[in-house]
Amino acid sequence: MTTAALIVAAGRGHRLGGPRPKQYLPLGGEPILARTLGVFVAHADVDQVLAVIAPDDVSLYDGLGVASRKLLAPVPGGATRQASVHQGLLALAAKGCTRVLIHDGARPFIAPELVSACLAALSDAPGAIAAIPVTDTLKVADASGRIARTLDRTSLWRAQTPQAFRLPEILAAHERAAAAGLADFTDDAAVAEWAGIPVALVAGSPANIKITTAEDLKMAEATLAGPGGPDIRVGQGYDIHQLVPGDHVWLCGVKIPHEQTLDGHSDADVGLHALTDALLGAIADADIGTHFRNTDPRWRGAASHLFLEDAARRVRAIGGRILNVDITLLCEAPKISPHRDAMRARIAEVLTLDVGRVSIKATTMETLGAIGRREGIAALATATVMIG
Ligand code: MG
């Protein structure tokens with residue numbers, strides 16, 4: 001017993017538009033037909049795979065890059081789907097094949113299990129096709145486009161492929177149909193039915209779609225991509241400024257009386273500087289020093305919320321939304337906790353963000369190092385941004 005897969009790929013695919021027939025269009029970076037052929041080539045119960053293609057498509061077919069000892073040279077198709085299958089069946093009969101799976105080239109999501117199920121059903125019937133019960137209610141329209149009646153759907157199935165047959169029977173049916181001048185059967189089960197060959201129904205799969213329209217192709221791409229999830233970006237920032245004699249510090253947008261002050265070109269708010277860099281980091285847009293040069297007189301003594309506002313604007317400009325920000329201040333003094341709520345409120349205001357999404361933490365350095373010696377204050381920040 002030799003089993004062949006006959007892949008019908010001679011259609012021109014006009015409904016998808018463009019010069020290239022749909023079965024040669026890429027799906028997830030691989031031509032649709034290459035995917036379909038690949039399933040049958042890899043199937044353990046399939047011995048030979050034959051594609052029927054349009055004579056004009058030889059170079060497109062050669063470009064698919066499917067290589068397998070099972071793959072036969074393609075056969076040119078005929079004027080109709082029925083005629084194309086007929087040509088393929090003749091070629092396979094000449095190779096001594098005894099069973100055939102006829103499958104649409106534009107159904108790349110065929111599961112190997114469904115191929116097996118169709119072949120298994122051939123032990124009880126000369127024909128077996130994948131099909132799914134109709135779940136929508138079907139209406140018959142009259143000539144004016146109004147409903148004439150409703151069909152009873154309980155016995156209705158939608159035919160898919162593969163359609164499996166004992167090869168001598170289906171070839172004989174095609175020969176008879178062609179001899180009778182019948183040329184417009186749209187699937188092989190219909191040819192078999194006309195010829196009186198019993199055909200069993202095998203439970204198909206809704207995923208086994210035929211890619212016919214541009215929308216089908218889009219859905220197929222989405223199926224391949226799987227659940228993508230949101231585009232979440234994380235950025236981090238760090239800053240440190242020296243403490244010098246003075247009477248206040250600006251930290252996270254809040255002015256706090258202190259016996260020292262932070263030295264810097266702007267107001268030296270390390271918290272807002274670190275957070276600005278975290279936002280810029282999340283969107284990969286350089287850093288605060290690139291956008292606001294510390295040699296630019298415009299920023300001398302500037303309030304640092306200007307920098308933070310600019311970073312938030314840059315996030316929004318690429319369709320981003322800030323999800324949360326988290327800052328850790330590293331200092332021995334002043335004490336941060338009395339000012340934490342004011343800092344969170346100020347940052348929430350500058351970023352137009354719910355205060356529940358703004359976190360301020362602080363830690364001392366346990367007198368270790370320069371910060372521990374009260375020579376400076378540093379800040380770490382993290383920001384999460386969702387794009388799109
Ligand atoms: Mg700074």
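Quick note: the coordinates plus some simple rules give every number you see, no bench work behind them. Since we're looking at a predicted model, the values are computed, not measured. We place every Cβ from the backbone using ideal geometry, glycine too, and count neighbours over all the protein chains shown.
Can you give me the relative contact order of the chain as a percent, contacts being Cα pairs under 8 Å and 6 or more apart?
Relative contact order, the chain: 14 percent.
Return the distance in nm (one decimal) between the two label points of a simple spin-label model at V58 and T367, each offset 7 Å from Cα along Cα→Cβ.
9.0
Report the net charge of residues surrounding D56, where surrounding means a beta-carbon distance below 14 angstrom and charges are Lys +1, Arg +1, Asp -1, Glu -1. Walk me through the numbers on the way to the answer.
Values: positive: R12, R20; negative: D57, D62.
In short, 0.
About its Cα centre, what dipole magnitude does the stretch 222-321 give when the only charges are +1 on Lys and Arg Cβ and -1 on Asp and Glu Cβ, stated in debye to the nearest 20?
420
If you take the charge dipole of the stretch 16-153 about its Cα centre, with +1 on Lys and Arg Cβ and -1 on Asp and Glu Cβ, which of A143, L114, A83 is farthest toward its positive end?
A143
Using the alpha-carbon centroid of each, what span in Å lies between the stretch 330-375 and the stretch 69-142?
For the stretch 330-375 versus the stretch 69-142, the Cα centre distance is 69 Å.
Give the shape of the stretch 253-303 as rounded, prolate or oblate, defined through the alpha-carbon gyration tensor: a ≥ b ≥ c are the square roots of its eigenvalues, a/c under 1.5 means rounded, and otherwise the shape is prolate if a/b is larger than b/c and oblate if not.
In terms of gyration-tensor shape, oblate.
With everything on Cα atoms, drop me the angle between helix 305-317 and the longest principal axis of the chain, reported from 0 to 90° to the nearest 10.
10
Dipole of the chain, Cα-centred, from +1 at each Lys and Arg C-beta and -1 at each Asp and Glu C-beta, to the nearest 20 debye?
Numbers: 37 positive and 41 negative charges, 130 e Å.
Dipole magnitude for the chain comes out near 620 debye.
Using 1/(1 + (r/R0)^6) with R0 = 35 angstrom and r between the beta carbons of I318 and R298, what's the FRET efficiency to the nearest 0.05? Display every interim value, and only then the final one.
Working: r = 25 Å, r/R0 = 0.71.
Plugging the Cβ-Cβ distance into 1/(1 + (r/R0)^6) gives 0.90.
Kindly express, to the nearest 10 degrees and within the range 0 to 90, the angle between helix 32-41's C-alpha long axis and the longest C-alpha principal axis of the chain.
60
Taking 7 Å along the Cα-to-C-beta vector as the label spot, tell me the A94-R20 distance in nanometres, rounded to one decimal.
3.1
Å³ per residue of the Cα convex hull, for the chain?
Details: hull volume 97.8 nm³, N = 388.
Considering the Cα atoms of the chain, their hull volume per residue is 252 Å³.
What distance in nm separates the two pseudo spin-label positions at R12 and L182, each 7 Å out from Cα along the beta-carbon direction?
2.6
So if each residue of separation counts as 0.36 nm, and I subtract the Cα-Cα distance between A203 and T137, what length gain in nm does that give?
21.8 nm
I'd like the distance between the alpha-carbon centres of the stretch 148-186 and the stretch 217-268, rounded to an integer number of Å.
If we compute the Cα centre of each part, the gap is 66 Å.
Provide the percentage of antiparallel DSSP beta bridges, counting only those with both residues in the chain; round to the nearest 5.
Expressed as a percentage, antiparallel bridges in the chain total about 65.
In nm, what is the difference between 0.36 nm times the number of residues separating H265 and S359 and their Cα-Cα distance? Walk me through the numbers before you get to the answer.
On the way: separation 94, 0.36 × 94 = 33.84 nm, distance 2.62 nm.
Extending this stretch completely gives an extra 31.2 nm.
Would you please classify the overall shape of the stretch 76-137 from the alpha carbon gyration tensor, given that a ≥ b ≥ c denote the square roots of the eigenvalues, rounded means a/c under 1.5, and beyond that prolate means a/b larger than b/c while oblate covers the rest?
Oblate is the answer for the stretch 76-137, as a/c is 1.5 or above yet b/c matches or exceeds a/b.
Rounded, prolate or oblate: pick one for the stretch 298-388, where a ≥ b ≥ c are the square roots of the eigenvalues of its C-alpha gyration tensor, a/c under 1.5 means rounded, and failing that, prolate if a/b is larger than b/c, else oblate. Intermediate results must be reported in sequence, preceding the final value.
Details: a/c = 2.17, a/b = 1.76, b/c = 1.24.
The shape class here is prolate.
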